[in-house]
Structures are given as structure tokens and as C-alpha cells.
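Q: The structure that follows is given in the form of C-alpha cells.
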Amino acid sequence: MTNWYAVAIGFVVMTVVGVVGIAIPGLGQLTAGLVGGFLAGYMAAGGTGRGAWHGLLAGSLGGVFVAVFLGVAVSVLGVAEFGPFGSLLGGGAFLVVLFVTFVMGLESALAGAIGGWIAKE
């Protein structure tokens, strides 16, 4: 059974570290995914599979959150900055955001597996 509390905590930590990662060079979004996924897997405990599942859920939620934020930003700025060509940038941004979501989910799952392995009962 999924421990949604662990997933929510992992997501919140991922979001906070991601926001701080924007301001501090070198920290970045990859660190946010690793920290949030590890924490979700560690809190869920139960081994590598359970940790990976919870890390994947936390990372995917974080990726979707980033995707929506970036999609809206690019759509609004794209239309304002580039006139009728803004929608072309929005389509390209969708593919980039989809890739970012996939990477955040994958790295969080790997970090969650390590967290679950460390915390296994």
C-alpha cells in the first residue's frame, strides 16, 4: 500500500530544494529530485522496491508540478515576447518539460530505492 504521507513529504522537500536550487548555482533540479526521492523512499521503508515506488511517485508529482509551471510561463512569455510565434515555442517546451518529468521520476525512483534499502525493516 502506498504511503502518501511519505510521497507528500518527498514532493514538498523536492519543491523547496528545487526553488533554492534556482537561486544557488550548482544545486539545481537534479539535487532536488535525488533528495526528495531518497526521503520518500526512506520514510516508506520496506526495501528497495517500495522505496523506488514512493520515490517515483514523489518525483513524478514534482515533475508534473515543474511541467505545469514551465508550460504556463513559456506560453505566457512566448506569446508576449514572440507574438504569433509564441505557440511554436510552447510546443517545443512541451517536449522539454516531458523529458524533465521523465528524468525527475527516474532519478527519484533510484534515490528512493536507496532510501528504502537503507531503511528496510
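The values are calculated or read from the model by the stated rules, or taken from the named source; none is laboratory data. Predicted model only: the values in this text are computed from it and were never measured. In this analysis, Cβ positions are derived from the backbone assuming ideal geometry, glycine residues included, and neighbour counts consider all displayed protein chains.
Q: So residue 92 clears everything in (1) at pLDDT 85 or above; (2) over 25 Å from residue 1 (Cβ atoms) except one condition, right? Which one?
A: (1)
Q: Oh, and also: I'm trying to understand the selection: among the residues of segment 1-16, which are outside any helix (DSSP H, G or I) and either in contact with a Cys (Cβ under 7 Å, 6 or more places away or on another chain) or among the β-branched types (Val, Ile, Thr) (or both)?
A: 2
Q: Looking only at residues that are at negative phi and of a type in the set (Gly, Ala, Ser) in segment 14-34, which one is surrounded by the most Cβ atoms within 10 Å (Cβ to Cβ)? Steps first, please.
A: Going residue by residue through segment 14-34, those that are at negative phi are 14-25, 27, 29-34.
Still in the list and also of a type in the set (Gly, Ala, Ser): 18, 21, 23, 32-33.
Working: 18: 22, 21: 19, 23: 7, 32: 26, 33: 31.
Filtering first and then ranking leaves 33.
Q: Hey, another quick one. Tally up the residues in segment 35-83 that are surrounded by fewer than 23 Cβ atoms within 10 Å (Cβ to Cβ), at pLDDT 75 or above and either touching a strand residue (DSSP E or B) at 6+ places or on another chain (Cβ under 8 Å) or under 13 Å from residue 18 (Cα atoms) (or both), please.
A: 2
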